[in-house]
1. So for the stretch 75-93 (the condition being touching a Pro at 6+ places or on another chain (Cβ under 8 Å), surrounded by 13 or more Cβ atoms within 10 Å (Cβ to Cβ) and at pLDDT 95 or above), does at least one residue qualify?
2. Filter the stretch 146-167 for residues that are closer than 18 Å to H87 by Cα and in a loop (DSSP other than H, G, I, E, B) and give the result.
3. Of the conditions (1) under 20 Å from A184 (Cα atoms); (2) of a type in the set (K, R); (3) at pLDDT 95 or above; (4) surrounded by fewer than 19 Cβ atoms within 10 Å (Cβ to Cβ), R140 fails just one. Which one is it?
4. Of everything in the stretch 168-201 that's of a type outside the set (A, V, I, L, M, F, W, C), touching a residue at least 60 places away in the same chain (Cβ under 8 Å) and assigned to a helix (DSSP H, G or I), which residue is farthest from P84 (Cα to Cα)?
5. Which ones in the stretch 74-103 are among the charged types (D, E, K, R) and within 15 Å of the chain's Cα centre (by Cα)?
6. If you check A47, A69, A20, A25, which single one turns out to be under 19 Å from the mean Cα position of the chain (by Cα), aliphatic (A, V, I, L, M), over 17 Å from G111 (Cα atoms) and surrounded by 13 or more Cβ atoms within 10 Å (Cβ to Cβ)?
7. Do any helices (runs of 4 or more DSSP H) entirely within the stretch 1-81 hold 1 or more residues that are of a type in the set (S, T, N, Q), over 30 Å from V138 (Cβ atoms) and without any contact (Cβ under 8 Å) to a residue 60 or more places away in the chain, and if so, which?
8. Taking the residues in the stretch 175-200 that are aliphatic (A, V, I, L, M) and modelled with pLDDT of 90 or more as candidates, determine which candidate is surrounded by the most Cβ atoms within 10 Å (Cβ to Cβ).
Amino acid sequence: MARTQAADYQERREKILDAAAALFARKGFLGASVAELAEACSLSKAALYHYYPSKEDMLYDLMHSHVKALDAAAGRVGEGALPPREHLRALARAFMVLYAGAAARHKVLLGELDNLPARRRAAVVALQRKLIADVEAVLRAIEPRLPAGRARPAAMLFFGMINWTHTWFDPEGALSPEAFAEMAVDTLLGGVAKAVEGQRS
């Protein structure tokens, strides 16, 4: 007979992912043992396996759920039918708020992707590429004259400015995630404008 799931099963899985993210971020996926994961979750190894059959399952779930949260945020921003420049700013703010609230998951996403098997890695990468394509489309809407071959690098520059903030950004510091997002967009749009000017000259 199959074991009945507890009413708070999903909530417990989420707490396990939070603990796994913190441990993987600190020790690396390969450096963290199942025993350490169980201890971090205040569970026995047998109880931990009830929620996640393997470390790999935890790694995939925390990465995939993090990227899905970013994609869902992008979808909500898109539903607002904002002018392109405001759309980009809203995306940057939404992403930075998520990054600031899930720094460990974001660090694991950026540093441990190669530890997923090919099929699972491809699922995560597909969502990442969709986010890049979304930003690229907004940039093209902002400046249709952006030279060929510059829109994708500009989108990558956008993510380059915000993706690594987990290494230094303090959400409780003088600069809020939203304020930093505005700075990043201002910097990016200044570069886009110069790219267009260079095409004219």
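1. yes
2. Our first condition is that a residue be closer than 18 Å to H87 by Cα; within the stretch 146-167, this holds for 146, 151-152, 154-159, 161-162.
The answer is L146, and nothing else.
3. (3)
4. Ranking the candidates gives P177 first.
5. R93
6. Going through A47, A69, A20, A25 in turn, the sole match is A69.
7. Working: elements: 9-27, 34-40, 45-51, 55-79.
Of the helices (runs of 4 or more DSSP H) lying wholly inside the stretch 1-81, those with at least 1 residues that are of a type in the set (S, T, N, Q), over 30 Å from V138 (Cβ atoms) and without any contact (Cβ under 8 Å) to a residue 60 or more places away in the chain span 9-27.
8. If we filter the stretch 175-200 for residues that are aliphatic (A, V, I, L, M), which is where we start, we get 175, 179, 181, 183-185, 188-189, 192-193, 195-196.
This time we only want the ones that are modelled with pLDDT of 90 or more, so: 175, 179, 181, 183-185, 188-189.
Working: L175: 12, A179: 12, A181: 25, M183: 12, A184: 23, V185: 21, L188: 22, L189: 18.
Only one residue fits best here, namely A181.
The values are calculated or read from the model by the stated rules, or taken from the named source; none is laboratory data. All figures in this text were calculated on a predicted structure; none of them were measured in a lab. All Cβ positions, even for glycine, are placed from backbone atoms using ideal geometry, and neighbour counts span all protein chains on display.
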